[in-house]
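*Asks:* So that we are looking at the same thing, I have put the structure below in structure tokens.
A short reminder: the numbers here are calculations on the coordinates, not readings from a lab. Note that this is a predicted model, so its numbers are computed, not measured. Note: ideal-geometry Cβ built from the backbone for every residue, glycine included; neighbour counts use all protein chains shown.
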Amino acid sequence: MSENHIGNKGAERISEALKQNTTLTELDISSNYITDKGGYKISDAVLSNSTLNLLLLNRNSLSDKCMNFITKCWIKPESRLPNNCIL
């Protein structure tokens, strides 16, 4: 899904889908004009998703603060994601 110009609206929709996801293990949403607004939506999904192992977010307009927040969600005990990677 990289380079599709989905923006924050698309990130919000992906976030909702990830909350329901039980099969997707890798997601590349790099180069999609996602800003912090969409990034924080993705972080919500990261906390509730149990199958995603790889999330590619590079080449978006995410601040260091937002990326750090997503990373913290990824490694929090309540996150159901095991041994995963954010790039």
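Okay, residues lined up against (1) of a type in the set (S, T, Y); (2) farther than 17 Å from W74 by Cα; (3) in contact with a strand residue (DSSP E or B) (Cβ under 7 Å, 6 or more places away or on another chain):
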position: M1; (1), (2), (3): no, yes, yes
position: N4; (1), (2), (3): no, yes, no
position: K9; (1), (2), (3): no, yes, no
position: E12; (1), (2), (3): no, yes, no
position: S15; (1), (2), (3): yes, no, no
position: D28; (1), (2), (3): no, no, yes
position: S31; (1), (2), (3): yes, yes, no
position: V46; (1), (2), (3): no, no, no
position: L52; (1), (2), (3): no, no, yes
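*Asks:* Which of the numbered conditions does E12 fail, given that it passes all the others? Conditions: (1) touching a Gly at 6+ places or on another chain (Cβ under 7 Å); (2) over 17 Å from I70 (Cα atoms); (3) of a type outside the set (S, T, Y).
*Replies:* Unmet condition: (2).
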